[in-house]
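All remarks here apply to the structure that follows.
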Amino acid sequence: CAEVATLATLVPAARWASETSVAGPLATLCASPDDVLRNAAVEAVGWRLRKRDGSPDPLVKALEHAHPDTRFLAAEQLARAGRNEGLSTLLSAIELVDDVELRQRAVEALGILGDARALDVLLRLAGEDAHALQEAAAEAIGHLGKSEKADQIFALLARFAKGDDGSTRRRAGNWCGIACGAALR
């Protein structure tokens, strides 16, 4: 439909707009029957939540949407904004989503969120050699350096730092730096 195509071209501009008047239309688009338009609006609302002090309400509502991609995107955007309403959706995505890239994004969002309830899952993934999410999980737990399991986190990162692959050692050093920085905050 031409209307949907026109709206889809406006979503990026609405995302960046400094005016708050775009919040209402974007919230409406978060419930659009068109998958592409709806998901673009969800991501735009998430960006506005982080960068323009937007409302989380459209994202919280999108967590209840029938389409799993929309629920995932809403949970991811909420986590990136430091809100834990989509925590269970992200934890489920790690185990149930077939797309490894989406699973990595879920792990990354959990790390950014920094909710201690995700720590055990992230530690398990980071500790499983050759797991598709091992590196993403190790990086994500670096954000959790302030938790009561900080010693366990640092031990795991130290193990990565002693690896045979130079790039893995460098990344582990970066993760340790993130964890140390988080622990000092």
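The values are calculated or read from the model by the stated rules, or taken from the named source; none is laboratory data. Predicted model only: the values in this text are computed from it and were never measured. We place every Cβ from the backbone using ideal geometry, glycine too, and count neighbours over all the protein chains shown. Side chains are part of the model used for accessible areas, which takes the heavy atoms of the whole protein and leaves out ligands, DNA and RNA. Shrake-Rupley method; radii C 1.70, N 1.55, O 1.52, S 1.80 Å.
Is it the case, given these coordinates, that GLU43 is at pLDDT 95 or above and within 30 Å of GLN134 (Cβ to Cβ)? Criteria met by GLU43. Consider the range 60-94 and keep the residues that are free of Cβ contacts under 8 Å to residues at least 24 places away in the same chain and of a type in the set (Ser, Thr, Tyr). The one that is most open to solvent (accessible area, probe 1.4 Å) is SER88. Can you pull out the residues in the range 23-37 that are part of a helix (DSSP H, G or I) and surrounded by fewer than 22 Cβ atoms within 10 Å (Cβ to Cβ)? Those that are part of a helix (DSSP H, G or I) and surrounded by fewer than 22 Cβ atoms within 10 Å (Cβ to Cβ): ALA23, GLY24, PRO25, ALA27, THR28, ASP35, VAL36, LEU37. Scanning the range 18-37 for residues that are over 23 Å from the mean Cα position of the chain (by Cα) and hydrophobic (A, V, I, L, M, F, W, C) yields a single hit, VAL22. Against the numbered list (1) surrounded by 17 or more Cβ atoms within 10 Å (Cβ to Cβ); (2) modelled with pLDDT of 85 or more; (3) not charged (D, E, K, R), PHE160 comes up short only at (2).
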